[in-house]
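A.B. asks: Below: one structure in structure tokens.
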Amino acid sequence: MADPISRTDVEHVAKLSRLALTDDEIEHITRELAGILGHVREMESLDLTDVPPTAHPLPLQNVLRPDDVRPGVDRDEVLAMAPAAEDGRFRVPRILGEAS
Amino acid sequence: MSETTAIEIAAAVRSGSRRARSVVEDALAVIARREAELHACNAVLADEARAAADAIDAAVARGEDPGPLAGVPVALKDNLCTRGIPTTCSSKILDGWRPPYTATVVDRITDAGGIPIAKTNLDEFAMGSSTENSAFGVTRNPHDPTRVAGGSSGGSAAAVAAGYVPLALGSDTGGSIRQPAALCGVVGVKPTYGRVSRYGLIAFASSLDQVGPFATTVDDAALLLETIWGHDRMDSTSIASVPEPLSGGSDVTGLRVGIVSELTDVDGIEAEVRAAVERAGEALVDAGATVDRVSVPSCTYGLSAYYLIAPAEASSNLARYDGVRYGLREDGVDVADMNARTRAAGFGPEVKRRIMLGTYALSAGYYDAYYGQAQKVRTLIIRDFAAAYERFDVLLSPTSPTEAFAIGEKAADPLSMYLSDVCTIPTNLAGHAAITVPFGTGAAGLPVGVQVLAPALGESVMFRAARALEAAARPSGPSADNA
């Protein structure tokens with residue numbers, strides 16, 4: 001399996017996870033993930049060649065239903081719960097800019 | 001003293017011999033007496049419950065039948081959506097959110113005459129085994145308030161054990177119904193994956209999550225499960241077939257029962273817990289079953305596979321908490337900065353840890369080594385169970401390796417906390433069913449649960465074995481602590 005997790009790895013993963021972690025949190029999580037990943041390496045002792053992966057316990061294929069019109073959730077009720085909304089839409093800060 | 005089980009209450013309310021309003025007032029009185037100490041609830045729905053009770057009493061007065069749960073107060077884990085009523089997942093990130101729709105399981109309860117009376121505390125987003133990860137404070141064990149109630153559905157387990165309600169709903173991703181039920185001395189059921197609708201259950205790990213009941217008796221658990229289960233067009237993972245009724249009695253004559261060695265005869269299982277499983281096996285033999293040891297070798301690796309698969313799925317499911325559509329928002333210079341600050345402020349330490357672990361396990365360069373391997377181990381577990389169920393009808397094991405532990409005892413060490421789920425996780429990975437039944441006490445005099453495992457859609461035979469265990473436990477079993 002892979003090399004032990006480093007602080008740089010954790011900083012990268014925090015960015016992927018969209019989590020603004022503090023230095024203390026980065027340090028803690030690096031140590032804790034190293035411990036957990038050390039434990040799960042016990043799976044290395046199993047011979048897993050030719051074993052197919054299982055993603056889901058049910059043998060589900062595409063699930064189809066009749067295309068009939070039914071009421072959905074109320075738009076105003078949904079938008080009333082948003083931190084910011086305007087003109088029937090969610091309002092967010094700017095998406096493009098020099099700060100990113 | 002009047003009726004206490006859901007079956008007794010519903011019969012009395014339907015016949016008009018007891019008013020639903022008096023049932024609700026009694027439940028609210030118990031809550032008022034014990035809630036300050038136990039903190040099982042995030043919210044008590046007193047006004048809503050009284051109004052619902054009055055409507056049921058009016059229906060009975062008109063000669064109508066409110067249904068099989070008539071007047072029965074039910075507590076709901078606070079990760080089940082209730083329209084217009086705050087649903088928090090015990091997380092700051094859902095601060096102020098009131099869902100625009102109601103979970104199917106909750107609608108089915110109210111349609112059957114049941115009365116939602118509380119939203120119960122949980123580990124944040126159901127991630128934990130002690131309810132210590134709640135943003136709103138720990139739930140205490142009704143049998144010993146210095147100890148945890150278990151988790152993540154600790155609030156629902158404590159609410160039933162303390163006599164607030166005869167019935168509660170929880171969710172079980174790796175043991176989150178069964179472990180707290182065992183620690184609080186009540187019955188808890190993890191139904192077959194797909195048997196119960198998850199529409200309106202806030203997702204944690206979608207290939208593992210399942211909703212299920214808590215109750216003080218096996219028959220009450222069956223009543224609630226039969227109320228909530230069955231196909232739901234709003235959940236595409238819902239099984240279409242009609243479930244077999246659970247009214248199969250307690251006859252276990254000729255039943256082939258296997259005690260799972262890898263979950264019972266290993267380090268970390270307390271001696272008293274192992275002894276309870278042995279006595280449970282003997283009780284089933286006395287009742288006409290045959291009992292033998294069975295090996296399910298890959299169960300040993302269930303914990304490792306689970307702690308990659310569940311965080312991986314969680315990291316994806318929890319991406320939706322981005323400060324845009326609901327709950328908390330922290331200001332940022334742009335949308336990515338707003339997302340990252342919101343999530344940092346809104347999620348607690350365990351949720352952050354699991355999002356990080358899951359994102360790492362799915363990230364480029366590590367996917368095959370971690371997530372891919374875990375998925376293959378999942379296949380082995382399913383194969384090993386299939387082999388065991390060729391020789392046995394149901395399996396037996398401890399539910400929790402220990403009785404309830406002290407508050408704070410495992411909070412600083414994630415791995416030791418994760419080990420609390422070692423006996424319950426394999427069922428979720430396989431998508432099977434399992435039930436925990438109180439069976440005596442441990443070294444500190446606290447409840448111990450024995451787990452009956454069954455293959456997918458094996459609930460009927462599982463409940464028969466559970467009833468037999470319940471009957472055997474009754475003479476010397478723990479009291480329900482309905483003080």
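A.B. asks: Considering only strands (runs of 3 or more DSSP E) fully contained in the range B:113-226, which possess at least 3 residues that are without any contact (Cβ under 8 Å) to a residue 24 or more places away in the chain?
C.D. replies: Result: empty, no element qualifies.
A.B. asks: Could you list, in sequence order, the residues of the range B:227-250 that are free of Cβ contacts under 8 Å to residues at least 40 places away in the same chain and buried (at least 21 other Cβ atoms within 10 Å of the Cβ)?
C.D. replies: Listed by number, the list holds a single entry, B:Trp229.
So that you can scan it fast, the table gives a plain yes or no per residue for (1) crowded, with 20+ Cβ neighbours inside 10 Å; (2) on the phi > 0 side of the Ramachandran plot; (3) at pLDDT below 95; (4) touching an Asp or Glu at 6+ places or on another chain (Cβ under 6 Å):
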residue: B:Thr402; (1), (2), (3), (4): yes, no, no, yes
residue: B:Gly408; (1), (2), (3), (4): no, yes, no, no
residue: B:Cys423; (1), (2), (3), (4): yes, no, no, no
residue: B:Thr427; (1), (2), (3), (4): yes, no, no, no
residue: B:Gly431; (1), (2), (3), (4): yes, yes, no, no
residue: B:Thr436; (1), (2), (3), (4): yes, no, no, no
residue: B:Phe439; (1), (2), (3), (4): yes, no, no, no
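A.B. asks: Is there a residue in the range B:286-294 that is within 21 Å of B:Ala433 (Cα to Cα), in contact with a strand residue (DSSP E or B) (Cβ under 6 Å, 6 or more places away or on another chain) and part of a loop (DSSP other than H, G, I, E, B)?
C.D. replies: yes
A.B. asks: For the range A:10-24, enumerate the residues that are acidic (Asp, Glu) and at the interface with chain B (Cβ under 7 Å from one of its Cβ atoms).
C.D. replies: Correct list: empty.
A.B. asks: Somewhere in the range B:73-80, is a residue touching a helix residue (DSSP H, G or I) at 6+ places or on another chain (Cβ under 9 Å), in a loop (DSSP other than H, G, I, E, B) and surrounded by 21 or more Cβ atoms within 10 Å (Cβ to Cβ)?
C.D. replies: yes
A.B. asks: Of the residues A:Val73, A:Val51, only one is closer than 25 Å to B:Thr300 by Cβ and of a type in the set (Val, Ile, Thr); which? Reasoning before the result, please.
C.D. replies: Numbers: A:Val73 fails: closer than 25 Å to B:Thr300 by Cβ.
Among A:Val73, A:Val51, only A:Val51 is closer than 25 Å to B:Thr300 by Cβ and of a type in the set (Val, Ile, Thr).
A.B. asks: Related question: Given (1) loosely packed, with under 12 Cβ neighbours inside 10 Å; (2) under 22 Å from the mean Cα position of the chain (by Cα); (3) modelled with pLDDT under 90, where does A:Ala2 come up short, assuming only one miss?
C.D. replies: Among (1) loosely packed, with under 12 Cβ neighbours inside 10 Å; (2) under 22 Å from the mean Cα position of the chain (by Cα); (3) modelled with pLDDT under 90, the lone unmet condition for A:Ala2 is (1).
A.B. asks: Now for a separate question. Hey, does the range B:307-328 have a residue that's surrounded by fewer than 18 Cβ atoms within 10 Å (Cβ to Cβ), at the interface with chain A (Cβ under 10 Å from one of its Cβ atoms) and more than 30 Å from A:Ser17 (Cα to Cα)?
C.D. replies: Checked against the condition, which is being surrounded by fewer than 18 Cβ atoms within 10 Å (Cβ to Cβ), at the interface with chain A (Cβ under 10 Å from one of its Cβ atoms) and more than 30 Å from A:Ser17 (Cα to Cα), the range B:307-328 yields no hits at all.
A.B. asks: State all residues of the range B:70-87 that are away from every other protein chain (no Cβ under 13 Å) and under 26 Å from B:Pro349 (Cβ atoms); if no residue qualifies, say none.
C.D. replies: Correct list: B:Leu76, B:Lys77, B:Asp78, B:Asn79, B:Leu80.
Condition check ((1) out of contact with any strand residue (DSSP E or B) (no Cβ under 6 Å at 6 or more places or on another chain); (2) of a type in the set (Gly, Ala, Ser)) across all residues:
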site: B:Ser2; (1), (2): yes, yes
site: B:Arg21; (1), (2): yes, no
site: B:Asn42; (1), (2): no, no
site: B:Val60; (1), (2): yes, no
site: B:Ala70; (1), (2): yes, yes
site: B:Val105; (1), (2): no, no
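A.B. asks: Contact list please: Cβ distance under 6 Å, first residue in the range A:44-72 and at pLDDT 90 or above, second residue assigned to a loop (DSSP other than H, G, I, E, B) and loosely packed, with under 14 Cβ neighbours inside 10 Å, pairs at least six apart or on different chains.
C.D. replies: A:Glu44/A:Met1
A.B. asks: Kindly indicate the residue of the range B:269-293 that is more than 26 Å from the chain's Cα centre (by Cα), under 28 Å from B:Arg383 (Cβ atoms) and not small (Gly, Ala, Ser) and also surrounded by the most Cβ atoms within 10 Å (Cβ to Cβ) among those meeting that condition.
C.D. replies: Looking at the filtered set, the residue picked out is B:Val291.
A.B. asks: Which one is surrounded by the fewest Cβ atoms within 10 Å (Cβ to Cβ) among residues in the range A:85-96 that are more than 9 Å from B:Arg325 (Cβ to Cβ) and at the interface with chain B (Cβ under 7 Å from one of its Cβ atoms)?
C.D. replies: Here is the first cut: in the range A:85-96, the ones more than 9 Å from B:Arg325 (Cβ to Cβ) are A:85-89, A:91-96.
Add one more test, that the residue is at the interface with chain B (Cβ under 7 Å from one of its Cβ atoms), and what stays is A:92-95.
Working: A:Val92: 18, A:Pro93: 19, A:Arg94: 12, A:Ile95: 9.
My answer is A:Ile95.
A.B. asks: Search the range B:406-432 for residues being outside any helix (DSSP H, G or I) and touching a Gly at 6+ places or on another chain (Cβ under 9 Å), and hand back the single one that is nearest to the other protein chains (Cβ to nearest Cβ). Steps first, answer last, please.
C.D. replies: We begin by selecting, within the range B:406-432, every residue outside any helix (DSSP H, G or I); these are B:406-413, B:422-424, B:431-432.
Checking the rest, the ones that are also touching a Gly at 6+ places or on another chain (Cβ under 9 Å) come to B:413, B:422-424, B:431-432.
On the way: B:Asp413: 9, B:Val422: 12, B:Cys423: 17, B:Thr424: 15, B:Gly431: 2, B:His432: 8 Å.
Top of the filtered list is B:Gly431.
A.B. asks: Right, another one. Quick one: which of B:Ala149, B:Ala70, B:Ala59, B:Ala159 is crowded, with 22+ Cβ neighbours inside 10 Å and more than 23 Å from B:Phe405 (Cβ to Cβ)?
C.D. replies: Numbers: B:Ala149 fails: more than 23 Å from B:Phe405 (Cβ to Cβ); B:Ala59 fails: crowded, with 22+ Cβ neighbours inside 10 Å; B:Ala159 fails: more than 23 Å from B:Phe405 (Cβ to Cβ).
Residue meeting the stated conditions: B:Ala70.
A.B. asks: Free of Cβ contacts under 8 Å to residues at least 60 places away in the same chain, surrounded by fewer than 22 Cβ atoms within 10 Å (Cβ to Cβ) and more than 9 Å from chain A (Cβ to nearest Cβ): which single residue out of B:Ala364, B:Ala388, B:Ala369 fits that description?
C.D. replies: Residue meeting the stated conditions: B:Ala364.
A.B. asks: Let me ask another. So is B:Ala11 over 25 Å from the mean Cα position of the chain (by Cα) and surrounded by fewer than 20 Cβ atoms within 10 Å (Cβ to Cβ) or not?
C.D. replies: yes
A.B. asks: When the range B:329-359 is examined, which residues are found to be of a type in the set (A, V, I, L, M, F, W, C) and within 7 Å of another protein chain (Cβ to nearest Cβ)?
C.D. replies: Going residue by residue through the range B:329-359, those that are of a type in the set (A, V, I, L, M, F, W, C) are B:333, B:335-336, B:338, B:340, B:344-345, B:347, B:351, B:355-357.
Correct list: B:Val333, B:Val335, B:Ala336, B:Met338, B:Ala340, B:Ala344, B:Ile355, B:Met356, B:Leu357.
A.B. asks: Which members of the range A:26-68 meet the condition of being facing chain B (nearest Cβ under 7 Å) and in a helix (DSSP H, G or I)?
C.D. replies: A:Ile29, A:Glu32, A:Leu33, A:Gly35, A:Ile36, A:His39, A:Val40, A:Glu42, A:Met43
A.B. asks: Still on this model: Does B:Ala280 meet the test of being in a helix (DSSP H, G or I), closer than 30 Å to B:Gly84 by Cβ and touching a residue at least 12 places away in the same chain (Cβ under 8 Å)? Before you say what the answer is, go through the steps one by one.
C.D. replies: Values: in a helix (DSSP H, G or I): yes; closer than 30 Å to B:Gly84 by Cβ: no; touching a residue at least 12 places away in the same chain (Cβ under 8 Å): yes.
So B:Ala280 fails the test.
A.B. asks: Criterion first (more than 7 Å from chain B (Cβ to nearest Cβ), more than 21 Å from B:Ser206 (Cβ to Cβ) and either among the hydroxyl-bearing types (Ser, Thr, Tyr) or in contact with a strand residue (DSSP E or B) (Cβ under 7 Å, 6 or more places away or on another chain) (or both)) does A:Arg75 satisfy it?
C.D. replies: no
A.B. asks: Would you confirm whether or not the range B:91-104 contains a residue that is within 19 Å of the chain's Cα centre (by Cα), crowded, with 21+ Cβ neighbours inside 10 Å and either under 30 Å from B:Pro401 (Cα atoms) or at pLDDT below 95 (or both)?
C.D. replies: Within the range B:91-104, one or more residues are within 19 Å of the chain's Cα centre (by Cα), crowded, with 21+ Cβ neighbours inside 10 Å and either under 30 Å from B:Pro401 (Cα atoms) or at pLDDT below 95 (or both).
A.B. asks: Do we have any residue at all in the range B:252-262 that's over 18 Å from B:Gly458 (Cα atoms) and either surrounded by fewer than 24 Cβ atoms within 10 Å (Cβ to Cβ) or at pLDDT 95 or above (or both)?
C.D. replies: Yes, the range B:252-262 has at least one match.
The values are calculated or read from the model by the stated rules, or taken from the named source; none is laboratory data. Remember, predicted model here, so these are calculated numbers, not experimental data. A quick note on method: Cβ atoms are made from the backbone with ideal geometry, for glycine too, and the neighbour counts reach across all protein chains shown.
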